[in-house]
Amino acid sequence: MTYLVPHSPKDEICISNSGDLSGMTFLCKDMCDIKGFKSSCGNPDFYKHSIEALDYAPFLKKIMNEGAILKGITICDEFFYSIIGENKHYGTPENLNSPNCVPGGSSSGSAAALTNHNFDFTIGTDTGGSVRVPASFCGVYGFRPTHGRIDLNKVYPMSESFDTLGWFSNNTSNMLKLGKIFFDDFKETKIEQKNILIPIDIVDDLDQDIKSQFYNYCEYKFKNLKKIKLFNFNKSELADCFRVIQGYEIKLNILPWIKKYEPKISNEINSRFKMAESITKSMYNHAVDMRKEFISEIDHNLPFDSFLIFPTTPFSAPIKGQSDKNLAKLRKKVMEFTCVGGLLSRPQINIPKFTGKTGPIGLSVLGNKNTDEIILNNLNFF
């Protein structure tokens with residue numbers, strides 16, 4: 001199967017026959033401890049040097065204790081350091097909703113699997129867009145929770161300022177069921193139309209076709225939604241801010257292992273590691289200060305009970321096999337959309353909604369911190 005790693009379990013794994021997820025099947029990204037198995041983080045040389053896990057990562061144990069059945073481990077981008085979805089070692093997971101196109105990454109296999117087979121849900125992680133982007137490109141639901149709400153113990157770290165768990169499904173019911181395993185406060189809170197806002201900073205420089213689809217949807221579904229200018233920064237500045245914080249933390253978390261073991265790494269990922277290595281502590285501190293200023297500005301401009309809606313990605317899935325130079329341009333453009341949720345540590349969900357030149361593009365709903373339950377409970381509203 002093009003979405004599973006070679007070291008994926010040959011047999012399904014079930015540790016409980018009862019619970020709220022009883023009988024539900026799922027896949028997990030190659031990024032955490034699975035008892036009796038090794039992880040590769042998308043790189044075969046990392047797999048050679050890793051050791052078998054003695055237990056399950058806490059988030060995984062929580063899912064499986066509720067009866068969910070693990071059916072396999074999915075391919076991801078090397079060391080999670082891309083949102084494109086191509087892996088030079090294990091292959092590119094097949095996105096059947098955008099044939100001949102990338103699935104998006106880094107949780108590429110987890111999203112693409114849902115275009116190939118009807119698993120109940122799949123698990124990924126999201127740092128810079130690694131759930132939201134493949135969900136948009138593959139035309140599935142994908143959720144990035146509020147940063148810090150789900151235990152990431154025994155999940156391989158990338159950038160602790162932004163790392164989150166995330167999950168995918170083909171339907172709203174399963175998205176909600178999984179949310180109820182992780183979160184407790186599922187009151188029947190409804191999202192009111194007056195609290196749904198369109199951030200013109202993000203939307204207005206979209207290509208005309210997707211912009212028209214978005215505004216036509218807003219007018220048909222809600223009528224007269226309020227538009228708001230969110231921030232005084234430009235999106236490119238924010239994307240660079242994110243890149244520096246993420247890169248510096250990768251420099252501390254991953255590069256020491258890279259230097260020690262000298263694994264074979266694709267040119268694209270290696271160039272990104274070189275960029276990360278060039279980031280200084282001073283650059284990092286400046287970016288952290290800028291992030292604080294951005295958060296303060298948004299907290300001032302947005303009421304707590306407001307929800308932003310906008311296209312998750314500025315375009316549909318790119319064609320496979322493009323040059324590293326082209327991929328870098330595409331990645332930068334996508335990051336201008338995904339960095340907002342990451343910098344703000346806020347929950348964001350992708351909902352399949354629009355159609356681009358090559359396939360699906362999702363609608364994002366971005367809430368305030370800890371409004372995860374409200375978003376998941378109101379998916380059918382959108």
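Values computed for the structure shown
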quantity: Yes/no for LEU344 being of a type in the set (A, V, I, L, M) and touching a strand residue (DSSP E or B) at 6+ places or on another chain (Cβ under 6 Å); calculated: no
quantity: Pair list, Cβ under 6 Å, 6 or more apart: the range 1-22 residue over 21 Å from ALA111 (Cβ atoms), other residue modelled with pLDDT of 95 or more and assigned to a loop (DSSP other than H, G, I, E, B); calculated: SER16/GLY67; SER18/GLY67; GLY19/GLU66; GLY19/GLY67; ASP20/GLU66; SER22/GLY67
quantity: Residue tally, condition touching a strand residue (DSSP E or B) at 6+ places or on another chain (Cβ under 6 Å) and either farther than 17 Å from ALA113 by Cβ or not in a loop (DSSP other than H, G, I, E, B) (or both), over the range 10-32; calculated: 8
quantity: Given (1) touching a His at 6+ places or on another chain (Cβ under 8 Å); (2) modelled with pLDDT under 95, index of the condition ASP184 fails; calculated: (1)
quantity: Selection from the range 234-272 of residues that are closer than 20 Å to GLY42 by Cα, within 20 Å of the chain's Cα centre (by Cα) and crowded, with 19+ Cβ neighbours inside 10 Å; calculated: GLN246, GLY247, GLU249, ILE250, ILE254, GLU268, ILE269, ARG272
quantity: Qualifying residue in the range 320-335 (condition: in contact with a Ser or Thr (Cβ under 9 Å, 6 or more places away or on another chain), in contact (Cβ under 8 Å) with a residue 24 or more places away in the chain, within 16 Å of ILE196 (Cα to Cα) and in a loop (DSSP other than H, G, I, E, B)); calculated: no
quantity: Helices (runs of 4 or more DSSP H) (entirely within the range 33-116) containing at least 2 residues that are touching a Ser or Thr at 6+ places or on another chain (Cβ under 9 Å) and buried (at least 24 other Cβ atoms within 10 Å of the Cβ); calculated: 108-116
quantity: Residue match in the range 236-253 (condition: in a loop (DSSP other than H, G, I, E, B) and either closer than 30 Å to ILE309 by Cβ or touching a residue at least 40 places away in the same chain (Cβ under 8 Å) (or both)); calculated: no
quantity: Test: residue in the range 135-147 that is touching a strand residue (DSSP E or B) at 6+ places or on another chain (Cβ under 8 Å), of a type in the set (Lys, Arg) and at positive phi; calculated: no
quantity: Identity of the residue in the range 140-178, in a helix (DSSP H, G or I) and of a type in the set (A, V, I, L, M, F, W, C), that ends up surrounded by the most Cβ atoms within 10 Å (Cβ to Cβ); calculated: LEU178
quantity: Some residue of the range 304-311 being of a type in the set (Val, Ile, Thr) and within 20 Å of the chain's Cα centre (by Cα); calculated: yes
quantity: Among (1) loosely packed, with under 14 Cβ neighbours inside 10 Å; (2) in contact (Cβ under 8 Å) with a residue 60 or more places away in the chain, the one test that PHE294 misses; calculated: (1)
quantity: Total residues in the range 155-209, condition under 18 Å from ASP372 (Cα atoms), out of contact with any Phe, Trp or Tyr (no Cβ under 8 Å at 6 or more places or on another chain) and among the polar types (S, T, N, Q); calculated: 3
quantity: Test: residue in the range 196-212 that is surrounded by fewer than 19 Cβ atoms within 10 Å (Cβ to Cβ), among the basic types (Lys, Arg) and without any contact (Cβ under 8 Å) to a residue 24 or more places away in the chain; calculated: yes
quantity: Residue that is at pLDDT 95 or above, hydrophobic (A, V, I, L, M, F, W, C), more than 26 Å from GLY247 (Cα to Cα) and not in a strand (DSSP E or B), where the choices are ILE361, ILE309, ILE375; calculated: ILE375
quantity: For GLY342: the one exception among (1) surrounded by fewer than 23 Cβ atoms within 10 Å (Cβ to Cβ); (2) assigned to a helix (DSSP H, G or I); calculated: (1)
quantity: Answer residue from the range 3-32, given it is polar (S, T, N, Q) and either surrounded by 17 or more Cβ atoms within 10 Å (Cβ to Cβ) or in contact with a Leu (Cβ under 9 Å, 6 or more places away or on another chain) (or both) and is nearest to ALA68 (Cα to Cα) among those; calculated: THR25
quantity: In the range 179-195, residue nearest to PHE233 (Cα to Cα) [restricted to those that are surrounded by 15 or more Cβ atoms within 10 Å (Cβ to Cβ) and either out of contact with any Pro (no Cβ under 9 Å at 6 or more places or on another chain) or without any contact (Cβ under 8 Å) to a residue 60 or more places away in the chain (or both)]; calculated: ILE191
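The values are calculated or read from the model by the stated rules, or taken from the named source; none is laboratory data. In this text, all values refer to a predicted model and were calculated from it rather than measured experimentally. All Cβ positions, glycine included, derive from the backbone under ideal geometry; neighbour counts span all protein chains shown.
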